[in-house]
1. Residues to consider are Val72, Val67, Val97; find the one that is assigned by TED's automatic domain parsing to the domain that holds Thr151, over 26 Å from Leu128 (Cβ atoms) and not polar (S, T, N, Q).
2. Out of contact with any Cys (no Cβ under 8 Å at 6 or more places or on another chain) and crowded, with 19+ Cβ neighbours inside 10 Å: which single residue out of Glu224, Glu208, Glu187, Glu180 fits that description?
3. Counting only residues that are closer than 28 Å to Thr2 by Cβ, of a type in the set (D, E, K, R) and not in a helix (DSSP H, G or I), which one in region 15-52 is modelled with the lowest pLDDT?
4. Identify the residue in region 32-59 that is without any contact (Cβ under 8 Å) to a residue 40 or more places away in the chain and out of contact with any Ser or Thr (no Cβ under 9 Å at 6 or more places or on another chain) and, among all such residues, is farthest from Arg232 (Cα to Cα).
5. Being buried (at least 17 other Cβ atoms within 10 Å of the Cβ) and within 18 Å of Lys178 (Cα to Cα) is the filter; apply it to region 69-88 and report the residue that is farthest from the chain's Cα centre (by Cα).
6. For region 127-154, which positions are assigned to a helix (DSSP H, G or I) and either touching a Cys at 6+ places or on another chain (Cβ under 6 Å) or within 23 Å of Ser101 (Cα to Cα) (or both)?
7. Scan region 1-24 residue by residue and report those that are over 27 Å from Ala45 (Cα atoms), loosely packed, with under 13 Cβ neighbours inside 10 Å and either of a type in the set (Phe, Trp, Tyr) or within 23 Å of the chain's Cα centre (by Cα) (or both).
Amino acid sequence: MTKQLEKIYEGKAKILYLTDNPDQVIQHFKDDATAFNAQKRGTIADKGVMNNMLTAHLFEFLEKNGVKTHFVKKLNDRDMLVKKVSIVPVEVVVRNVLAGSLAKKLGKDEGSQLAHPVVEYYYKDDALGDPMIMPDHVLVFGWATQSELDTIRAAALRVNGLLLELFKNHGIRLVDFKLEFGRFKGEIILADEFSPDTSRLWDMESGEKMDKDRFRRDLGKVEESYREVVRRICGQ
């Protein structure tokens, strides 16, 4: 049985704990919700439970389809055991539909399907507001090598292709999402989570938002939307 030791990190949505295995940590999912770089704060009831369940389900699916992740196993409602990675300080956003900050920056309405997936990179630094960066910045500042960046991009697009089809089969339009990657024993693998916190998910029939935009924009029915995503994808 895995033994939980001291806390080593606490972020806006998760806490990491050491274990008695130096290669593994426990990832605990919180109910805390933030938006606009933590300028807006709140709580989404049972968010941690739902995000833990969905992340475990999706990471198992990705592993079965050749995407290497940090996921080891789900421990309980709020905790999962994961490999202890060194996070690459670059967040990767994949966009399939014009929405969110991209629509705002371009002065366009949300909803247009993009001709092909767009991959964006952001420097992972809360104090700076996670600024958007270019691939050359990643290389110049040594955040990743060209080989690692190639691996990250290929993995992000692979994840996109797999999840686009999966979500479509459950009546959900995968608009965009954020991924994080880490190094584990010299290899780049997918880390962090995949949930309505880190993605935009729209109902394919109604166009209703089923993600954290409901919290960001005060649309209501936040918990219900998260729960519906979990029900459709996990069958629970």
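1. Details: Val72 fails: assigned by TED's automatic domain parsing to the domain that holds Thr151; Val67 fails: assigned by TED's automatic domain parsing to the domain that holds Thr151.
Of Val72, Val67, Val97, the one residue that is assigned by TED's automatic domain parsing to the domain that holds Thr151, over 26 Å from Leu128 (Cβ atoms) and not polar (S, T, N, Q) is Val97.
2. Numbers: Glu224 fails: crowded, with 19+ Cβ neighbours inside 10 Å; Glu208 fails: crowded, with 19+ Cβ neighbours inside 10 Å; Glu187 fails: crowded, with 19+ Cβ neighbours inside 10 Å.
Criteria check complete, one pass: Glu180.
3. Quick first cut of region 15-52, residues closer than 28 Å to Thr2 by Cβ only: 15-33, 43-52.
Now narrow it down to the ones that are of a type in the set (D, E, K, R): 20, 23, 30-32, 46-47.
If we keep only those that are not in a helix (DSSP H, G or I) too, we end up with 20, 23, 30-32, 46.
Numbers: Asp20: 96, Asp23: 97, Lys30: 96, Asp31: 94, Asp32: 85, Asp46: 94.
Per the stated criteria, the residue is Asp32.
4. So the first thing to find is which residues in region 32-59 are without any contact (Cβ under 8 Å) to a residue 40 or more places away in the chain, and the list is 32, 34, 39, 41, 43, 48-49, 52, 56.
Among the residues that remain, those that are also out of contact with any Ser or Thr (no Cβ under 9 Å at 6 or more places or on another chain) are: 34, 39, 43, 48-49, 56.
Working: Thr34: 25, Gln39: 31, Thr43: 23, Gly48: 17, Val49: 16, Ala56: 15 Å.
Per the stated criteria, the residue is Gln39.
5. In this case the residue turns out to be Val85.
6. Matches in region 127-154: Ala127, Leu128, Pro135, Asp136, His137, Val138, Ile152, Arg153.
7. Once the filter is applied, which keeps residues that are over 27 Å from Ala45 (Cα atoms), loosely packed, with under 13 Cβ neighbours inside 10 Å and either of a type in the set (Phe, Trp, Tyr) or within 23 Å of the chain's Cα centre (by Cα) (or both), region 1-24 yields only Asp23.
The values are calculated or read from the model by the stated rules, or taken from the named source; none is laboratory data. Small disclaimer: the values here were computed from a predicted structure and weren't measured. Backbone-built Cβ (ideal geometry, glycine too); neighbour counts: all protein chains shown.
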